[in-house]
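Let me begin by presenting the structure, written as structure tokens, before commenting on it.
Nothing in this text is a laboratory measurement; each read-out follows from the coordinates by a stated rule. What you see is a predicted model; the values in this text were computed from it and never measured. Ideal geometry is used to build each Cβ from the backbone, glycine not excepted, and the neighbour counts take in all protein chains shown.
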Amino acid sequence: MKNVVEDQVASMYAELLPTVPGAHAGCSVCREDVMVYALNRLTPHYVSTLMGEVITRLGIQGAQPGTDATVVMLDAFTFVARNPRCGRRANT
């Protein structure tokens, strides 16, 4: 059993990180916080077979679900930058 949205969020994190000013790029705490923030706001998609995974991945990569995930990820980056738990100074 697997939540394919976790893979999507991890991939989007790596893709969006260079474009987000003020993101704590080298911080594993901030990375996990961004991913957890996003995963708690996106609908999970659990699968148990390879066929289900392929079909689900195609569905969540569509225009609207992809856009929704991008918006949530950018919100997560902003939230974590303003409220870092790693000890760094907050970006405002």
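Residues in region 39-52 that are surrounded by 12 or more Cβ atoms within 10 Å (Cβ to Cβ) and more than 10 Å from residue 5 (Cα to Cα): 3 in all. Listed by first and then second residue, the pairs with beta-carbon distance under 6 Å, at least 6 apart or on different chains, first residue in region 17-46 and among the aromatic types (Phe, Trp, Tyr), second not in a helix (DSSP H, G or I), are 46/1; 46/3. On inspection, residue 11 passes the criterion of being within 30 Å of residue 88 (Cα to Cα) and of a type in the set (Ser, Thr, Tyr).
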